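Novice: Structure below; questions to follow.
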Amino acid sequence: MPFSPKYKITDKIVNNLTLIASAREVIEQAHLVPQWEAKLRRQAILHNTHSSTAIEGNKLTLKQVEDLADGKKIIAMDKDKQEVLNYLEAMESIPKLSKKCSIKVEDLLNIHKIVSKKTLSSNAESGAFRKQQVYVGRRIFDGTTFREIVEYMPPPTEAVPRLVEEFIEWLNLDKTWEINPVVLAAIVHYEIARIHPFIDGNGRTARLFATLILYLSGFDHRRIFALDDFYDKDRKSYYSALKTVQHGDGDLTKWIEYFADGVVYSVTEVKEAVLKLKSTRRATSKGQIALTSRQMKIVEYIASNGRATNRELRKVFDISAQAVHKELLKLVELKVIKPEGKGRSLHYILV
């Protein structure tokens, strides 16, 4: 049977979508200069990585995630560090993970492979459909002993490939992309979690795939929204919202309402940050600063690493010192970056 999601557009969903559209309009019209946009994107990547892995039990703090992203050494379990490094890689790779209306089953498998590499008991399970039945459960103490309660039993293992293929086929239909991006991302998030295609890492894969959908739809083309922060703030509500579909005979309405609540939260956070930037920095009356692709990559490199030297950028772009110097001078002239230090200690930071 072809995949066909069941849901209703309620007043609450409409109200949320209106709030989201209003906040996004403020953001889109803010004429973000490159260094602001790069900082917001880095912040979103770090927050999404921390929250999405924390939901699954990862013990790293946001500060440790930031340090790990900066290449610093931290004291933590190897598995926790690897999960974070994997998620950072996946978040950075969003633009290259798939294409709108051309999504393949292999794309989903690749996302799971990135998210789960070197964290499973067998490397063969990374990027591959599960070979055994799994379940979602929790341990409770009944007064004498601990026992496991099954809270969700996913579809049978043998049904997974077919269910994924039907879902991806639906996702590639032109009419599917006519659905509001927020509603579509909510459907995608839930369906991957429902099928539970993998032995482990299903939650991270579902959240990352929803993020990909928002990017491909153009909703989050800048990649500056940290949706997973909302789920991590109240994990009980997150899991309860997912369960409403089970209890509602497959009706996604309550879950979509909750998902839209999360998008409102995330978009509002960015809107407030943008308004704060506008009020505390010189107004950009001339509008957006036009940068070349290479210049924008330099800005993003500095945003990710805190600083950059001519030597470092030569290695990144495989170009001459003179070519790097020319780009840096242009960015300094535009007041996007500024030099610090002298001689061999000379480096550049964002203004």
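The values are calculated or read from the model by the stated rules, or taken from the named source; none is laboratory data. This one's a predicted model, so the numbers in the text were calculated from it and none came from an experiment. Cβ sites come from the backbone with ideal geometry, for glycine too, and all protein chains shown count toward neighbours.
Novice: From Lys59, Lys63, Lys73, grab the single residue that is in the same structural domain as Leu212 (by TED's automatic domain parsing) and either in a helix (DSSP H, G or I) or of a type in the set (Phe, Trp, Tyr) (or both).
Specialist: Unique residue meeting the criteria: Lys63.
Novice: Under the condition of being surrounded by fewer than 12 Cβ atoms within 10 Å (Cβ to Cβ) and assigned to a loop (DSSP other than H, G, I, E, B), which residue from the range 136-162 is nearest to the chain's Cα centre (by Cα)?
Specialist: Among residues in the range 136-162 that are surrounded by fewer than 12 Cβ atoms within 10 Å (Cβ to Cβ) and assigned to a loop (DSSP other than H, G, I, E, B), the one nearest to the chain's Cα centre (by Cα) is Pro156.
Novice: Identify all residues within the range 76-109 that are crowded, with 20+ Cβ neighbours inside 10 Å and in a loop (DSSP other than H, G, I, E, B); write none if there are none.
Specialist: Within the range 76-109, Ser98, Ile103 qualify.
Novice: Okay, next question. Can you say whether Ile114 is out of contact with any Leu (no Cβ under 8 Å at 6 or more places or on another chain), surrounded by 15 or more Cβ atoms within 10 Å (Cβ to Cβ) and not acidic (Asp, Glu), as far as the supplied structure shows?
Specialist: yes
Novice: Residue check: is Asp174 in contact (Cβ under 8 Å) with a residue 60 or more places away in the chain and of a type in the set (D, E, K, R)?
Specialist: Here the answer is yes, as Asp174 does meet what is asked.
Novice: Looking at the structure I just gave you, is Glu165 touching a residue at least 40 places away in the same chain (Cβ under 8 Å), touching a Lys or Arg at 6+ places or on another chain (Cβ under 9 Å) and either of a type in the set (Asp, Glu) or in a helix (DSSP H, G or I) (or both)?
Specialist: No: the conditions fail for Glu165.
Novice: Which of the residues belonging to the range 211-228 are part of a helix (DSSP H, G or I) and free of Cβ contacts under 8 Å to residues at least 40 places away in the same chain?
Specialist: Once the filter is applied, which keeps residues that are part of a helix (DSSP H, G or I) and free of Cβ contacts under 8 Å to residues at least 40 places away in the same chain, the range 211-228 yields Ile213, Leu214.
Okay, residues lined up against (1) in a helix (DSSP H, G or I); (2) farther than 20 Å from Lys233 by Cα; (3) not assigned by TED's automatic domain parsing to the domain that holds Lys233:
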{"position": "Phe3", "(1), (2), (3)": "no, yes, yes"}
{"position": "Ile9", "(1), (2), (3)": "no, yes, yes"}
{"position": "Leu17", "(1), (2), (3)": "yes, yes, yes"}
{"position": "Ser22", "(1), (2), (3)": "yes, yes, yes"}
{"position": "Glu25", "(1), (2), (3)": "yes, yes, yes"}
{"position": "Glu37", "(1), (2), (3)": "yes, yes, no"}
{"position": "Gln43", "(1), (2), (3)": "yes, no, no"}
{"position": "Thr53", "(1), (2), (3)": "yes, no, no"}
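Novice: Okay, next question. Considering each residue of the range 177-199, count those that are in contact (Cβ under 8 Å) with a residue 24 or more places away in the chain and either over 20 Å from Ser240 (Cβ atoms) or among the hydrophobic types (A, V, I, L, M, F, W, C) (or both), and give that number.
Specialist: Counting residues in the range 177-199 that are in contact (Cβ under 8 Å) with a residue 24 or more places away in the chain and either over 20 Å from Ser240 (Cβ atoms) or among the hydrophobic types (A, V, I, L, M, F, W, C) (or both) gives 16.
Novice: Follow-up question, since we're still on this one. Could you say whether any residue in the range 229-243 is farther than 24 Å from His47 by Cβ and either touching a residue at least 12 places away in the same chain (Cβ under 8 Å) or not in a loop (DSSP other than H, G, I, E, B) (or both)?
Specialist: yes
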